[in-house]
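Here's the structure, in C-alpha cells; my notes come after.
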Amino acid sequence: MIPAAFEYFRPTSVKEALALLDHYKDEAKLLAGGHSLIPLMKLRLAQPRYVIDLGRVRELEYIRESGDQLLIGAMTRHVAIETSDLLRQRCPLLAETASVIGDAQVRNMGTIGGSLVHADPAADYPAAILALEAEMRVVSSQGERWIRAEDFFVDMLTTSLQPGELLVEIKVPVLPPRTGTAYVKVAQKASGFALCGVAVVLTIDQNGVCQHAAVGITGVAPKAYRARAVEHALRGQKLDASVTAAASAKAAEGIDPLEDLHASAEYRAHLARVWCRRALEQARARV
Amino acid sequence: MTRTTIEVTINGVRYRHEVEPRLLLVHYIRDVVGLTGTHIGCETSLCGACTVLLNGAAVKSCTLFAVQADGAEITTIEGLGEEGRLHPIQEGFWMKHGLQCGYCTPGMILAAYQLLQRYPDPTEAQIRHGIEGNLCRCTGYQHIVEAVRYAAEKLRSQKA
Ligand SMILES: Cc1cc2nc3c(=O)[nH]c(=O)nc-3n(C[C@H](O)[C@H](O)[C@H](O)COP(=O)(O)OP(=O)(O)OC[C@H]3O[C@@H](n4cnc5c(N)ncnc54)[C@H](O)[C@@H]3O)c2cc1C
Ligand code: FES
Ligand code: FES
C-alpha cells in the first residue's frame, strides 16, 4: 500500500502543467483529486515517475454561465457541482449525479475532469455527460480542440484524449423549458460505484408529446453509452406509462454487458431496463 | 528521489518537514507528526477511519499525499476536545454509546463534524448520507446516528 517513489510537481497554471507534460511525456501522470489515481498507485498498478499535481491550478475550478451554455472547469470538485445553485437551477441533472458519487469524503476531493478522463465503466458522470450532449475542451501545447461526449469515451478506462492533452473544460447546455431530467443508480454496496446508472433528459410539449429524449447508461457496458433505441421509441410519442415501459425494454439493446463478481451480464441488462423505466418516469414527472 | 518541504498547521500547531512525495497524509500525521488518533483501517479508501478535516473538508487521509496538503489547515481528532472537556460530538458518542471498539470513532466524529457544519439540524437521512463513507464493524450505526443527533441538539443549544 506504499506507492512507488516519484518526483512531484505542482504547477499553478495550465501553461506550466502543459510544459511539464510535454517534457516528461509518458512517464508523467496528472493528479487531480487523486481518488482514482492514488488507489492505483498504492496497488502499484500505476507507477508514474513524475506526478503533476493540478491541485493548485485555480483557473480550472469554476462553474459559470455563458449564453445558453454552462461551463465547468475540469478541476471542479464533485461537492461544488453537487451544491452549485447555478447548476441546480440550470442543469439539475449534473448536480443530482454528483450528489450520489461515492461518499462525502470522495466528493470533497474528486473532480469532474479526473472522473471523465479516468473513464471508469462504473463512474456516474459519463451517463449524464452523454445525456446532456456535453462537449469537452482539451488543450495541448499544439492548441485546443473540442470533443463531443459520444466521441470522448472510447473503451473501458480509455478516452479519446491523446498523450500531452489536458482536459480543461466541460460545456453543457442550459436545458430548454418543459424539460425534465433524472439520474438514478443502483450502487455496488461497498464502493458506491454504479452497477447501473441511468441519466435521462426529456423535453415534452404541452400535449404530452416527447420532443427530445436522450438517455445515457453507465455501469452496464465496458463504457457508458447512449441508449439510442430507447430514444427512438420515445421521440414523437405521447408519453404515458406504457410507452416508457416499451421503450425501456430496449435499454440494453446491442450492448455486450459487463460481467463480474458483483453482477452477471444478464442481471446488468435487466437493471438497465428496469432503471431506465424508473429514470424516464422520474424525468417525466419533473417536466 | 528529491524530498519536498511542506508546511501544515495541525490542530493549530505549525509543522514543517521534509517528506518524500509518495508519503501518504495519514502516515505523515501518525508517523512523522506523531498524532496517532487518526486510524488506518482499510488503506483502500473505503472505510473512512483515516478521515481528517483538510481546510474544513472531511477527507480520507490515506488517499492523499502529504505534499498535496502543503499550506493547509488540518484538524484531527486530537484537535476537537480537551482532556476533561469533550467536544459535543464526542460527548454524544459517549452518552449514546456510539462506539464499541472505538476504531472507527475518530473518523466517524470528523465526518459528523463536517455534516453538522453543513446541516446544523440534520434529518436522519442526512446523517446517514453524511457518514456513508465511514464503516463501523461494531455498533450497527443506530447508536452513531443517535450520537450525531445528540450532538446536533447540544451544538444548537450552545449557539442559542
Ligand atoms: C471510495 C471511493 C468511492 C468512489 N465511488 C464513486 C462513485 O460512486 N461514482 C463515481 O463516479 N466515482 C466514484 N469514485 C471515483 C471518484 O469519483 C474519483 O474522484 C474520480 O473517478 C477521479 O477523479 P479525480 O479528480 O480523483 O482524478 P485522479 O484520480 O486525480 O485522476 C484520474 C485520472 O485522470 C487523469 N486526469 C485527471 N485530471 C485530468 C485532466 N484535467 N486532464 C487530463 N487527465 C486528467 C489522471 O492522470 C488520472 O489518470 C470513488 C472513489 C473512491 C476512492
Ligand atoms: S484507511 Fe483510509 S479509508 Fe480506510
Ligand atoms: S466502534 Fe468498532 S468499528 Fe466502530
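Which of the residues that make up the stretch B:27-60 are outside any helix (DSSP H, G or I), over 13 Å from A:Met109 (Cα atoms) and within 13 Å of ligand 2 (Cβ to nearest atom)? The answer is B:Thr38, B:His39, B:Ile40, B:Gly41, B:Cys42, B:Glu43, B:Thr44, B:Leu46, B:Cys47, B:Gly48, B:Ala49, B:Cys50. Residue check: B:Arg16 meets all listed conditions (1) more than 16 Å from ligand 2 (Cβ to nearest atom); (2) in a loop (DSSP other than H, G, I, E, B) but one, namely (2).
When A:Gly114, A:Gly102 are checked against the criterion of being within 14 Å of chain B (Cβ to nearest Cβ), part of a loop (DSSP other than H, G, I, E, B) and out of contact with any Pro (no Cβ under 6 Å at 6 or more places or on another chain), a single residue qualifies: A:Gly102. Of the residues that sit in the stretch B:132-160 and are within 16 Å of ligand 2 (Cβ to nearest atom) and either touching a residue at least 60 places away in the same chain (Cβ under 8 Å) or more than 23 Å from B:Ser45 (Cβ to Cβ) (or both), which one is nearest to the other protein chains (Cβ to nearest Cβ)? Step by step, filter the stretch B:132-160, then rank; the result is B:Gly133.
Of the residues making up the stretch A:30-44, those that are outside any helix (DSSP H, G or I) and within 12 Å of chain B (Cβ to nearest Cβ) are A:Leu31, A:Ala32, A:Gly33, A:Gly34, A:His35, A:Ser36, A:Leu43, A:Arg44. Would you please name the residue that is nearest to ligand 2 (Cβ to nearest atom), looking only at residues in the stretch A:26-42 that are over 20 Å from the mean Cα position of the chain (by Cα) and touching a residue at least 40 places away in the same chain (Cβ under 8 Å)? Selected residue: A:Lys42. Within the stretch B:12-39, if we keep just the residues that are within 16 Å of ligand 1 (Cβ to nearest atom) and at the interface with chain A (Cβ under 9 Å from one of its Cβ atoms), the residue that is surrounded by the most Cβ atoms within 10 Å (Cβ to Cβ) turns out to be B:Leu24.
Here A:Gly55 meets each of (1) over 17 Å from the mean Cα position of the chain (by Cα); (2) free of Cβ contacts under 8 Å to residues at least 40 places away in the same chain; (3) within 11 Å of chain B (Cβ to nearest Cβ) with one exception, condition (2).
The residue of the stretch A:132-145 that is nearest to B:Gln68 (Cα to Cα), among those that are touching a Leu at 6+ places or on another chain (Cβ under 7 Å) and buried (at least 20 other Cβ atoms within 10 Å of the Cβ), is A:Val138. The residues in the stretch B:67-107 that are within 16 Å of ligand 1 (Cβ to nearest atom) and either within 17 Å of B:Cys138 (Cα to Cα) or of a type in the set (A, V, I, L, M) (or both) can be counted, and the count is 4.
Among the residues of the stretch B:105-115, none qualifies, meaning not one is more than 9 Å from ligand 3 (Cβ to nearest atom) and assigned to a loop (DSSP other than H, G, I, E, B). Farther than 20 Å from A:Lys29 by Cα, surrounded by 19 or more Cβ atoms within 10 Å (Cβ to Cβ) and within 11 Å of ligand 1 (Cβ to nearest atom): does that describe A:Ala128? In short, yes.
Taking every residue in the stretch B:46-60 that is at the interface with chain A (Cβ under 9 Å from one of its Cβ atoms) and pairing it with any residue that is more than 11 Å from ligand 2 (Cβ to nearest atom) and of a type in the set (Val, Ile, Thr), at least 6 positions away or on another chain, the pairs with Cβ-Cβ distances below 6 Å are B:Leu54/B:Ile74. Can B:Glu43 be described as within 16 Å of ligand 3 (Cβ to nearest atom) and of a type in the set (D, E, K, R)? Yes.
All of the numbers you see were taken from the coordinates with simple rules; none came from a lab. These numbers were taken from a predicted model, which means no experiment stands behind them. Neighbour counts are summed over all protein chains in view; Cβ atoms, including those assigned to glycine, are modelled from backbone coordinates with ideal geometry.
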